[in-house]
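S.K.: Could you have a look at this structure, given as C-alpha cells, before my questions?
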Amino acid sequence: MKIAIKSISKPVKQQAMTLLELLIILGFLVMILFIAFPTLRSPKITDVEQYAKDQLKYLYERERAYYLRNGYYDRFSELAKPENGGPFLDKRFLNRDEIVDRGIKIVGPSEKSDNLLITATLPGNLGTLSVDHTGRIKLTKPKDGGQGAPAEPLRIPDIELPSPEKIPTSPEKVERT
C-alpha cells in the first residue's frame, strides 16, 4: 500500500520580514524620534535672553579692559570718553549710565569701584541677567515663573473729531479734488 506522502511533506512557507522592510521600519522610528526629541528637551533660551547675554559679555569685556588699564571699574559714560584711555565703549554710552536696547534695560556701575555688577532687565517680566567681576552671567527669574506681566490695555490716542456742522450730509456739499 502506498500512501501519498506528497500532501504531508509539502513545505510550509514561513512568514518573515526582509532586510529592506526592517530598514524602512527603522527609518520611520528614527524620523519619529527626531520629531519628538526637541519637545522632550528643556526649553531653549529665548532670543531676547541670548541678545542680553551677548550684550553683557561685551560690556563685561569692555569694563574688564578699563579695569586693567585704570585699576577700577567705572560708569559707562566714563568708559565712552576718549580721555580715559579709550574710548572703551561707543558713542551710545557717552552721557548715559544705562541704556535700553530692544526692550532690555542695561544698567552698569554707578561709580568707581573694585566690584563690578552689570544688570540687564528683560522685557515682559522674563527676569534679570547680571554679570559680576568674575564674568559669570546669572539669570534671576521672577517669582511668578516668568509668565510675564499682564498686558496693559491698549491706549488709543485722543483724536480731535470735527464738529457735526462741518461734516457734509449731502453729496452736493462735498468738494472733489
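S.K.: How much length, in nm to one decimal, is gained on full extension between Asn70 and Glu98, taken as 0.36 nm per residue of separation minus their Cα-Cα distance?
M.R.: Difference between extended and current length: 8.0 nm.
S.K.: Which length gain, in nm to one decimal place, applies between Leu33 and Lys81 when the Cα-Cα distance is subtracted from 0.36 nm times their residue separation?
M.R.: Values: separation 48, 0.36 × 48 = 17.28 nm, distance 5.47 nm.
Gain in length upon complete extension: 11.8 nm.
S.K.: Could you check the spin-label model distance between Lys57 and Lys141? Points 7 Å from the Cα along Cα→Cβ, value in nm.
M.R.: 2.3 nm
S.K.: Additional query: Which pairs break 23 Å Cα to Cα here: Lys105/Lys143; Lys112/Lys141; Lys91/Lys138; Lys91/Lys141; Lys57/Lys91?
M.R.: Values: Lys105/Lys143 19 Å; Lys112/Lys141 29 Å; Lys91/Lys138 27 Å; Lys91/Lys141 31 Å; Lys57/Lys91 18 Å.
Pairs exceeding 23 Å: Lys112/Lys141; Lys91/Lys138; Lys91/Lys141.
S.K.: Then there is this: What FRET efficiency, computed as 1/(1 + (r/R0)^6) with R0 = 41 Å and r the Cβ-Cβ distance, is obtained for Gln50 and Ile25, rounded to the nearest 0.05? Please list the in-between numbers first.
M.R.: Values: r = 39 Å, r/R0 = 0.95.
Given R0 = 41 Å and the Cβ-Cβ separation, E is 0.60.
S.K.: Give, rounded to the nearest 20 debye, the magnitude of the charge dipole that the stretch 67-137 has about its Cα centre when Lys and Arg contribute +1 at Cβ and Asp and Glu contribute -1 at Cβ. Don't skip to the answer; put the middle values down first.
M.R.: On the way: 10 positive and 10 negative charges, 41 e Å.
Dipole of the stretch 67-137, to the nearest 20 debye: 200 debye.
Every number here is computed from the coordinates shown, using simple stated rules; none is lab data. Quantities reported herein were computed from a predicted structural model and do not represent experimental measurements. Reconstructed Cβ throughout: ideal geometry from the backbone, glycine too, with neighbour counts over all protein chains shown.
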